[in-house]
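First the structure, in the form of structure tokens, and then the observations on it.
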Amino acid sequence: MLNETVSFVPATPSSESRIALLRELDLFDGPREPLFDEITRLAADALRAPVSLLTITDAQRQFFVSGHGLSPDGETLRETPIEASYCRFTIESASPLVICDARSNPLIATIGGPHGNVISYLATPVLSRDGVAIASLCVAGPEPRRWAKADLRLLEGLARVVTREIENRAAARVFAAGEAERKAQAAHLQVLVDNLPDSALVQYSLWPDGTYRFLQASEGFEQLTGIPAADALDDARIVMDRIPAPWRQTLSDVESRSAAELSDVDIEVPLLVGRRRKHWLRIKSRPRREADGTVVWEGVVSDITEQRRTEASLALRNRQLDLLSRSADRLLLADGDENAVLDEVCNDIARTIGMEMFLIYRPGSEPETLQLVLSGGVAEQEREQLSRLRYGQWLCGRVAEQREKVIVEDLQLSPLPGIEALRAAGVTSYAGFPLLAGGELIGTLCFVSASRTRLADGDVRTIETLCDQVATVLERTRLRREAEEHEMRMRLFVEQAPAAIAMFDRDMRCIAASSRWRASFDLPEDYASRSHSDLSHWLPARLREAHLTALAGGELYAERERHITPEGAVRHFRWECRPWRDARGKIGGVLAGCEDVSLRIEHEARLLESEARHRLANTSLRRLVEGSPFRVYVVYAQFRLAI
């Protein structure tokens, strides 16, 4: 469970730049957008919260970019004063805000206590690429609630989706601004003809025999291509030969169509510079037909190598974020076979990062051993060999022993000891990570490749995030298994107990009942999961109501309680009601014991009545003897009285 936030420390970046960015992206006072509405709806549904908000703030107000679960009047309410805002704490501190009960929270007390019916509240900041909190994504409810770490991780995953959307908008604006700038540069080509950075102005023609002729080239041509402009003017083939054949054919087809239709050319082609370097050039030109029928193009050639790298890096990061979002959905919301979900997720990760194999180990039955529980891309024979490891054995054992990640790139050339077997198997890269829960090792996860030598930028962070998710799933599976085993042991104890005992869950559905309970209260064979009110409607009234006290942690009992059955019979019961707890110490339901003591009460009443008659007879006899004028002898023989 998460600790409740009771104070906050403002982050160092000023709010002016954040507000300027939000206004630039038209997020203030803008219309509601389906994407953001879908994110707040998903947050509310996934965390079972009635309200979810995506909020931005300025100095005077908080504005709801999106809201889910607001009251009918609140659906049109898009902003409130900043003084009543919980979300500003999240944005100003750039850290999550956890409120379990706003009525007793010191931080909420600083703004005058709870506002509206917001009692429980969980929020995470929406961070920009440089770590500035630009918005808050939150869920809230009208009742106190303990928030789990998994709740925050899920909310953070959705916040990253919001971040990606905002960054994409900013990137689109940057790209649009770049386009406008390039158009402005085109209007001043004559002035910049010899000074364009990373670009060159060219004039060329395509002859009927399919060969190119450069008619003009600016001084930047040599810096762009590595070929002096004079050499290119003499023979254009020295430029065309450096374009790989498939791209050269594509360029020829584009130029031929442009010549036939007099349409503009806009194409990106690779150019080999030196032996290994490859630059990307963007060719933008416009054709015109001269009087003799020759088609001449004038245009600009630009070096877009860095732009291509940036776009590739951004695309890779988006794929990684998409992958983590999908993984979080599948892992954290999984309801079924966790191994099947883990297998699907790890295979998805392996494909995305280009690693052919993965291995998941759990601690073995013996100390400091690992047992292989899941793998992908591994042959059956290899799986047998890798099924059991000692701590420190091979790289996976080293990860478990050190509890630290181990990354080995270009493994065939690595001097790291203990990798001889992997090198012999043709492995070229390895990435292993410990799976930790509460500081305890619960397993290891590694990815292996026999084709790539290095990991792409961000792959390690992606796998580390995945490991956190996997560790959560494995720990959840372990805790659930322990809880099920604990409940099963309690159920067996109840069913086999020699007394009349029954076990109920928190909704007072019968889980198990001893044979004496079933016989005493004539339970049907299908008693399991049925309500106690249906099964034992003639139990003592206080026992039927005592479950509320037991669910709150209390215990109630009665030595003798009189009860009249629907048939009018008088019954007496001795009963006890107390809570039972699961493996984690939480109250899982109610344990009730009840005994029909009517016969005992009847026997006790008869005994008391007999004793009263005996005392009366003795008293009468004593009076008779004491008042008689004769000497009286009383002889008891065979329990008969003789005088």
Inset, instruction - Could you please state how large a percent of the accessible area of the chain is carbon and sulfur, counting protein chains only and using a 1.4 Å probe? - result: 52 percent
Legend entry - Calculated from backbone phi, Karplus (6.51, -1.76, 1.60) coupling profile of segment 422-438 in Hz, x at Gly/Pro: 5, 5, 5, 7, x, 5, 10, 7, 9, 9, x, 9, x, 9, 10, 9, x
Legend entry - Accessible area of the chain divided out per residue, in Å², using a probe of 1.4 angstrom: 55 Å²
Inset, instruction - Just add up the charged neighbours of Asp457: K/R +1, D/E -1, any other residue whose Cβ is under 13 Å from the Cβ of Asp457. - result: +3
Inset, instruction - Can you tell me the relative contact order of the chain? Whole percent, Cα pairs under 8 Å, sequence separation 6 or more. - result: 6 percent
Legend entry - ³J(HN,Hα) computed for each position of segment 45-53 - Karplus, 6.51 cos²θ - 1.76 cosθ + 1.60, integer Hz, glycine/proline x: 5, 5, 9, 6, 10, x, 10, 9, 9
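Compute the Rg to Rh ratio over segment 375-482 from the alpha carbon atoms, using the Kirkwood formula for Rh, and round to two decimal places. All intermediate terms of the calculation are to be shown ahead of the outcome.
Details: Rg = 14.4 Å, Rh = 14.8 Å.
That ratio is 0.97, to two decimals.
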Inset, instruction - Using all C-alpha to C-alpha distances in the chain, build P(r) with 20 Å bins and read off the rounded percent in each one. - result: 13, 27, 31, 14, 8, 4, 1, 1, 0
Inset, instruction - Per residue, how big is the convex hull around the C-alpha atoms of segment 51-185? Give it to me in cubic angstrom, could you? - result: 125 Å³
Inset, instruction - Give a residue-ordered list of calculated ³J(HN,Hα) values for segment 167-176 (Karplus: 6.51 cos²θ - 1.76 cosθ + 1.60, θ = phi - 60°; whole Hz; x for Gly, Pro). - result: 5, 4, 5, 5, 5, 5, 5, 4, 5, 5
Inset, instruction - Please list the non-local residues whose amide H lies under 5 Å from the amide H of Gln62, H modeled 1.01 Å from N, same-chain partners needing a gap of 5 or more. - result: Thr80, Ile82
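Provide, for the chain, the number of lysine pairs with alpha carbons under 30 Å apart, each pair being eight or more places apart or on different chains.
On the way: Lys149/Lys405; Lys149/Lys586; Lys183/Lys278; Lys183/Lys284.
Lysine pairs, 8 or more places apart or on different chains, close enough: 4.
Rounded to the nearest 500, what is the chain's calculated 222 nm mean residue ellipticity when only DSSP H runs of at least 4 contribute -39500 (n - 2.57) each, over all residues?
Values: 21 runs with 263 residues, N = 643.
Rounded to the nearest 500, the figure is -13000 deg cm²/dmol.
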Legend entry - Helix axis angle, 245-261 relative to the chain longest principal axis, alpha carbon, degrees: 70 degrees
Legend entry - Amide H contacts under 5 Å for Ala450, placed H, 5+ residues apart: Glu356, Thr428
Legend entry - Per DSSP, loop trypsin sites (Lys or Arg not before Pro) in segment 80-144 with at most 13 further Cβ within 10 Å: Arg129
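The values are calculated or read from the model by the stated rules, or taken from the named source; none is laboratory data. Since this is a predicted model, take the numbers as computed values, not measurements. With ideal geometry, Cβ positions are generated from the backbone for all residues, glycine too; neighbour counts draw on all protein chains shown. The protein model used for the area step is the full one, side chains on, heavy atoms only, and it has no ligands, DNA or RNA in it. Shrake-Rupley method; radii C 1.70, N 1.55, O 1.52, S 1.80 Å.
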